[in-house]
Each structure stands twice: as C-alpha cells, then as structure tokens.
1. Just checking, which of 3, 40, 26 is part of a helix (DSSP H, G or I) and either among the charged types (D, E, K, R) or out of contact with any helix residue (DSSP H, G or I) (no Cβ under 7 Å at 6 or more places or on another chain) (or both)?
2. Can you tell me which residue is farthest from the chain's Cα centre (by Cα) among those in segment 43-57 that are part of a helix (DSSP H, G or I) and either of a type in the set (Gly, Ala, Ser) or farther than 16 Å from residue 5 by Cα (or both)?
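Each value in this text was obtained by applying a stated rule to the coordinates, not by laboratory testing. What you are looking at is a predicted structure, and each value in this text was computed from that prediction instead of being measured. Glycine also receives a Cβ, built like all others from the backbone with ideal geometry; neighbour counts cover every protein chain displayed.
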Amino acid sequence: MARVTVEDCLTQVENRFVLVHLSAERARQLKKGAIPLNDRKNKEVVLALREIAGGQITQDNLKNHEPVFMEQDEPIEIIDDDNSSSDY
C-alpha cells in the first residue's frame, strides 16, 4: 500500500467517527512506546492508519497493544568495569 487513504480504513471500521477515535488512540499508544505492527518509518498517525487499513488494529484488539511499562522497585546497581584490575 503506497498511500493510506480514508477509504482504505473505512473498509475496516463502521464509520468516520470510529476511525478518528481508533486512529487517535492508536497514535497515542505508538507515541508512548507501543511496538508498531508494521516496519514502515512513518509518523505515529500514519502508522496507526496503516495498521487500521491493514486490519491489524480493531476496536476489539486495541487495548491488547498498549505499551507496558515495568515499575522499578529497587534501584539498578551499576557495575563500573573501568576500575577492575587488569594485566595490560
């Protein structure tokens, strides 16, 4: 698909309102770090529309693609390898 069009997306969703809502939500997910479902190098909105037109993102599976952020309970210990002794 060289260019994504509204008509391409409307074959996958009920109406334009749903398309706007779905694409905006998916673009927000991508902006927050969700993994894109295709490998094109486009802005988040274009990626969202491509995923919708391709049938990869629907209203039913949108929440399954939320970015997951791990909460960190303990600080990470940084090991400094530069101070280790060596026989150079």
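1. Exactly one residue qualifies, and that residue is 26.
2. Among them, the one singled out is 53.
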